[in-house]
Amino acid sequence: MDWQELRKEAYNLSVSDRLALVEAIVHSVNDEIRPRPPVPPGTITRLRGILKTEGPPPTDEEIEAIKEERLKEKYLK
């Protein structure tokens, strides 16, 4: 199918199908322009280790208190 035939067929599609076609084309072009590099083995395991803590995670109240304290330091000093 050449460009002209493809274009004619696209005009025969419904609006939602044309939008889906545009999205598919954008994704395919994006994948070619900016291919994602492969993730090195063991990366996910190492990232999980970063999140480990010695104790339990802070509660919502503790997080709010930390955020409030940081905002005070930032804007009131």
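Heavy atoms of the protein chains alone define the surface here; on that basis the chain has 103 Å² accessible area per residue at 1.4 Å probe size. Under 20 Å of direct C-alpha separation, and excluding same-chain neighbours fewer than eight residues apart, K8 reaches these aspartates and glutamates: D17, E23.
Given the -39500 (n - 2.57) contribution per DSSP H run of 4+ residues, what per-residue ellipticity at 222 nm results for the chain, rounded to the nearest 500 deg cm²/dmol? Counting only the DSSP helices, I get -22500 deg cm²/dmol. The eigenvalues of the Cα gyration tensor, multiplied by 5 and square-rooted, give the chain an equivalent ellipsoid with semi-axes of 50, 22, 13 Å from largest to smallest. Computed from backbone phi with θ = phi - 60° and the Karplus coefficients 6.51, -1.76 and 1.60, the 3J(HN,Hα) list for the range 44-50 is 5, 5, 5, 5, 4, x, 5 Hz; x is used for glycine and proline.
Where does the charge balance sit around E9 when Lys and Arg score +1, Asp and Glu -1, over other residues with C-beta under 13 Å from its C-beta? Spelling it out: positives minus negatives among the neighbours equals 0. Shown here for the range 2-70: trypsin sites (Lys or Arg not before Pro) in loop regions (DSSP other than H, G, I, E, B) with at most 15 other Cβ atoms within 10 Å, namely K52.
The values are calculated or read from the model by the stated rules, or taken from the named source; none is laboratory data. Just so we're clear, the structure is a prediction, and the values are computed from it rather than from any experiment. Note: ideal-geometry Cβ built from the backbone for every residue, glycine included; neighbour counts use all protein chains shown. Surface areas here come from the heavy atoms of the whole protein model, side chains and all, with no ligands, DNA or RNA. Shrake-Rupley method; radii C 1.70, N 1.55, O 1.52, S 1.80 Å.
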